[in-house]
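Contents: one structure, followed by commentary.
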Amino acid sequence: MVVSREYIDIPVGERAMRTFVAAPRTPGPHPGVVFYTDIFQLTESSLRWAVRLAGYGFLVAAPEIYHRIEPAGTVLEFDDEGKRRGQADAEATSTADFDEDVRAALDHLEERTSALGAAGHCTGGHLALRAAFDRRVRATACWYPTGLHDGALGADPDAGSLARVGEIEGALHLIWGTRDPHTPEPGRATVRAGLDAAGTRYTWSEYDAEHAFGRDVGERYDPEATDAAFAETVALFRRRM
């Protein structure tokens, strides 16, 4: 399916949250997915992922997660300096600010789409899970989300996300690499135990892969695992949205 690409500004209070939007060129409305990237913001790799998902019939909106800190259009490099800067930006953003941004993105998508979903990678996977707390979100796909097992998100040492998973009413799918040092096996067990204790409906996939295996640049990229996880994501959204 051929898609359009554009950048828009979504208002968050008096701020403008620059957002990449990819959407089918066919008549809508289409189901909408808010997609949260890793700490490097709207890299070409993340944009390709958003465009690929849009090609399956979804309007995909990917906000700049550091719009409160970085100038609009800032993209961080996949190097030590980019990692340092991205982590510093994350640590300067509170969970409350992230949640305000999530609500603004969902409010905007609700006006343009037929149903709402969320997806995210890495830190963005954690943000996608928090988007799932909103009852409007019918399905969420979290790719190797960081900080769920220990609560770490941005400026908050414990965002309390795992304690709130009982609020999730939509479908939830979590995707992991078994060689991910950010959420090793004990951390994944903590996440699963929290979901089970809350009675959250979820599905779970693990791949023999590293953290960020779906980023199509660098040595950690695993095309086979990425394609399988992507197929699961599309199936989830088509089934629930």
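The values are calculated or read from the model by the stated rules, or taken from the named source; none is laboratory data. Quantities reported herein were computed from a predicted structural model and do not represent experimental measurements. Here Cβ is always computed from backbone atoms with ideal geometry, including for glycine, and neighbour counts include all displayed protein chains. Remember, those area values only see protein heavy atoms, side chains included, never the ligands or the DNA or RNA. Shrake-Rupley method; radii C 1.70, N 1.55, O 1.52, S 1.80 Å.
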* Asked: What dipole magnitude, in Debye to the nearest 20, does the chain give about its Cα centre under +1 on Lys/Arg Cβ and -1 on Asp/Glu Cβ?
  -> 940
* Counted charge near GLY82, where neighbours are those whose Cβ lies closer than 12 Å (Asp, Glu -1; Lys, Arg +1) -> -4
* Can you give me the Cα centroid spacing of the range 93-115 and the range 1-53 in angstrom? -> 13
* Residues of the range 30-51 with amide N under 20 Å of a point placed 7 Å along Cα→Cβ from ARG15 -> 34-43
* **Overall form of the range 182-238 per C-alpha gyration tensor (a/c, 1.5; a/b vs b/c)** => oblate
* To do: Answer with one residue from GLN87, LEU109, ALA54: the one whose Cα lies farthest towards the positive end of the charge dipole of the range 3-122, charges on Cβ with Lys, Arg +1 and Asp, Glu -1.
  => ALA54
* To do: Take the solvent-accessible surface of the protein heavy atoms, probe 1.4 Å, and return the percent of it on the range 118-166 that carbon and sulfur atoms account for.
  => 44
* To do: Calculate, axis by axis, the spread of Cα positions in the range 127-241 along the three principal axes, and write the results as whole Å, longest axis first.
  => 36, 34, 24
* To do: Over the range 1-104, with every protein chain in place, what whole percent of the accessible area is carbon and sulfur at 1.4 Å, could you tell me?
  => 49
* Counting only DSSP beta bridges with both residues in the range 127-206, tell me the antiparallel percent, nearest 5. => 10
* Which labelled figure in (1) 35, 18, 14; (2) 40, 26, 15; (3) 23, 21, 19 is semi-axes √(5λ) of the Cα gyration tensor in Å, once derived from the coordinates -> (3)
* To do: Using a 1.4 angstrom probe, figure out how much accessible area the chain has per residue, in square angstrom, rounded to the nearest whole.
  => 42
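Okay, helix-only estimate at 222 nm for the chain: each DSSP H run of n ≥ 4 adds -39500 (n - 2.57), divide by all residues, round to 500 deg cm²/dmol; what do you get?
-11000 deg cm²/dmol
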* Three principal axis extents, largest first, for the C-alpha atoms of the range 79-138, in Å? -> 41, 21, 18
* Expressed in nm to one decimal, what extension gain is obtained for the pair ARG84 and ARG179 from 0.36 nm per residue of sequence separation less their Cα-Cα distance? -> 32.0 nm
* Of the beta bridges DSSP finds with both residues in the chain, what % are antiparallel, to the nearest 5? -> 40
* Asked: Using Cα pairs under 8 angstrom and six or more residues apart, how large is the relative contact order of the chain, in percent?
  -> 17
* Rule-of-thumb check for the range 1-57: C-alpha Rg over 2.2 N^0.38 Å? -> 1.18
* To do: Note down the relative contact order for the range 124-216 as a percent, whole number, built from C-alpha pairs under 8 angstrom at least six residues apart.
  => 30
